[in-house]
Amino acid sequence: MNLYILVEGEMGAQKLYQHWVPMVNPNLAYVPHISLIEKDNFSILGGGGYPGYFDIISSAIEDVNLHDNVDRLVISVDSEDLSYEEKLEEMTDYVSKISCRADIRIIIQHFCFETWALGNWTIIRPHPQSLKLIQYKGFYNVRSEDPELLPPYDLDELNRAQFAAKYLRHALNDKYRNLTYIKNNPKSLLHPKYYQRVKERFEQTNHISSFSDFLSAFN
Amino acid sequence: MRILSYEASSGSEDDLHFLKMDLGKINLIVGNSGAGKTRLLNTIFNGARLVTRKDKFYIGFWDITLEHDSNKYRWIIKTSKDEEEVGKVVEERILSYKDEKEIVLVDRTDEYFLFNGDDLPKLSLSESSITLLQDEKLIKPLYEALTLIMRRNFSGSVFEEQSSYQSLPQSFLKKIRKSKSLKDLFHSGLNLNCKLYVLSKVFKDIYDKICGEFIATFPFVSEAKLLNAEDFGISFPGIVPVFALKEKYINKWIALNEFSSGMKKVLLILCDIHILPEDGCVYLIDEYENSLGVNAINFFPSVLFEAETKSQFIITSHHPYIIGNVPVKDWIIVHRKGNQVNVKQGVELEDRFGKSKQKAFVQLINDPFYVEGVE
């Protein structure tokens, strides 16, 4: 099976997919361009956070129609301020208007990939040292509560996606002193153990339910 | 004048080494921050200054093949500092080509100096052989070629000086009225106000063209005119021209030094492009787009492609619009591992990128050579 994956956000999301997809399906090997896809390959195209993601989707469908060895087009997108259902409807409406010869799967990262990353409960120490993390944990404890239900943090004027990214950064800094998380380089999230913890959280609780989109898209 | 291929090291052996790259008429250097784009431009400029400026000596290595006035040369030079920290030429070779045949013009080390097969007496190692032999018929075109490398800086005091008040030397005006040579203006070192004044007096058609293109880029400008410093209440002896504009609905002249940064950049580039020497020069532009609005950015690619000049452009950019409007074949992608800067020529990507409907910029920011720009 060959897949072409579109990732909306900063280049960090692309790196994450490059590492996590073979953890879901070890038969898949990454190639850096759609034209290099041969057998059991996947290629990823990131929007880089620039505007015009719908144009990128349209061009990707054209590419899939041109390269007849692509079996599935996977489109990943953050729900951001919309609900999961609203974002799914928006995306489905858009792609249904364009004819595509391959199967299309949509991944709604509800509401961003940091939400899934917060699903790794081991990164939140039971007794954090960071004052900010203590505040965040007191406000909403992602160790015990569903990270997908994280509310905005009005005290710091953060919407929920900004809050998730900042929560994750403080958690990782608190747990591993020399570890800094930035959106463009999510190095700490690439380790197989990290992925495994997120997967366990999804499987063992009813949390981060949008992660099922990710798992099913690559099987 | 055009550089055909280039390889260089800046400074000592621990500094950056730029592996060989081929250059065309328009060259867009792209790469992540820190990959070495600006330093690449600096090495090109410094290589030329090593020859043309007696007060400057640069340490490094250069291997440049260039073409000027139907002559093709290859110049290879290595310089270093001696025990007393004085710069000296370690080795140098100049080759010329006739009917694809290679002719060694200069072969030099600190032990010997051969020019066109003949031994020369010991000459100063603090100057390149091109500087020393610039009046020799065989070397003259090469020297002249290296005087035709221009770097346009868009930041700091060098940029601000372009719009400051400058007194125009009468002797220069007299000389150029007689010579009517744009090359004299190109080499003059005058700032933008003075250059525009000279153009208005000696090359009126070019001046009108620049004003026309400037107003077309900024349609809110109703009129552009050359005034004097006195019109702005500043008293200087001699001619101190001030380029000024009027905006629609505002009845006041605005002097060049009060223009927005983008308007100054556009005017500077327009002026440069129209006075580039007819037989061409190498024009280096580093990150033109910084702090510019869409109108000033959109102007740039078209002005490069439409410029009626034989000149060569070597530019750096991070901007999607500029990158997207320069054909992939004209890109040079730089990627640094330690102190070694590798390049990928755009022609290597052209075929692959052509197989996708995605915009070239989107494909570039997904290319591992670009994404992992610094290892």
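Here, each number is a calculation from the coordinates, and none is a lab measurement. Please read all numbers here as calculations on a predicted model, not as lab measurements. Ideal geometry is used to build each Cβ from the backbone, glycine not excepted, and the neighbour counts take in all protein chains shown.
Distance between the C-alpha centres of region B:119-142 and region A:123-155: 72 Å, rounded to the whole angstrom.
For B:Asp14 and B:Lys54, the FRET efficiency from 1/(1 + (r/R0)^6), where r spans their Cβ atoms and R0 equals 30 Å, is about 0.60. Counting only alpha carbon atoms, the long axis of helix B:37-52 and the longest principal axis of chain B meet at about 80°. Summarising the label geometry, the points placed 7 Å from Cα in the beta-carbon direction at B:Leu114 and B:Lys140 lie 2.6 nm from one another. Along each principal axis, taking the top coordinate minus the bottom one, the Cα set of region B:249-375 gives 53, 36, 34 Å in descending order. In a DSSP loop and with at most 14 other Cβ atoms within 10 Å, the trypsin sites (Lys or Arg not before Pro) in region B:14-110 are B:Arg53, B:Lys54, B:Lys56.
Per-residue ellipticity at 222 nm for chain A, helices alone: DSSP H runs ≥ 4 residues times -39500 (n - 2.57), over residue total, nearest 500 deg cm²/dmol? Don't jump to the answer; show the numbers that get you there.
Details: 8 runs with 91 residues, N = 219.
Helices in chain A give a 222 nm mean residue ellipticity of -12500 deg cm²/dmol.
Spacing of the modelled spin labels on B:Lys355 and B:Gln340, each 7 Å from Cα toward Cβ, amounts to 2.7 nm.
For region B:156-194, which trypsin sites (Lys or Arg not before Pro) pass both filters: DSSP loop (anything but H, G, I, E, B) and at most 10 other C-beta atoms within 10 Å?
Working: sites: B:Lys174, B:Lys175, B:Arg177, B:Lys178, B:Lys180, B:Lys183; in loops: B:Lys180.
The qualifying sites are B:Lys180.
Relative to the 2.2 N^0.38 Å rule of thumb, chain B has a C-alpha radius of gyration ratio of 1.07.
Separation of the alpha carbons by more than 21 angstrom is noted, of B:Lys209/B:Lys264; A:Lys137/A:Lys175; B:Lys20/B:Lys337; B:Lys140/B:Lys201; B:Lys54/B:Lys98, for B:Lys140/B:Lys201; B:Lys54/B:Lys98.
Working from Cα positions, state the angle (0 to 90°, nearest 10) between the long axis of helix B:192-202 and the longest principal axis of chain B. The helix B:192-202 is inclined about 80 degrees to chain B. Dividing the summed -39500 (n - 2.57) terms of all DSSP H runs of n ≥ 4 by the residue count of chain B sets its mean residue ellipticity at 222 nm at -9000 deg cm²/dmol.
Based on a Kirkwood Rh over C-alpha pairs, give the Stokes-Einstein translational diffusion coefficient of chain A at 37 °C and viscosity 0.692 mPa s in µm²/s. Write out the running numbers ahead of the final one.
Numbers: Rh = 17.9 Å.
It diffuses with D of about 184 µm²/s by this estimate.
Comparing Cα centroids, region A:48-79 and region B:75-92 end up 54 angstrom apart. Using R0 = 51 Å, the C-beta based FRET efficiency linking B:Ser70 and A:Ser96 works out to 0.25.
When the Gaussian network model of chain B links Cα atoms closer than 10 Å, the mean-square fluctuations of B:Gly346, B:Gly238, B:Gly24 top out at B:Gly238. With helices defined as uninterrupted DSSP H runs, which ones in chain A have an alpha carbon span along their own long axis of at least 15 Å and mean Kyte-Doolittle hydropathy of at least 0.5? The qualifying helices are A:53-66. Each distinct pair of alpha carbons in the protein assembly as shown adds a 1/r term; the inverse of their mean, the Kirkwood radius, is 28.1 Å. Largest mean-square fluctuation among A:Ala13, A:Ala171, A:Ala29, in a Gaussian network model of chain A whose springs join Cα atoms under 10 Å apart, belongs to A:Ala29. Shielding of peptide B:256-267 by partners, expressed as the average count of other chain Cβ atoms within 10 Å per residue Cβ, is 0.
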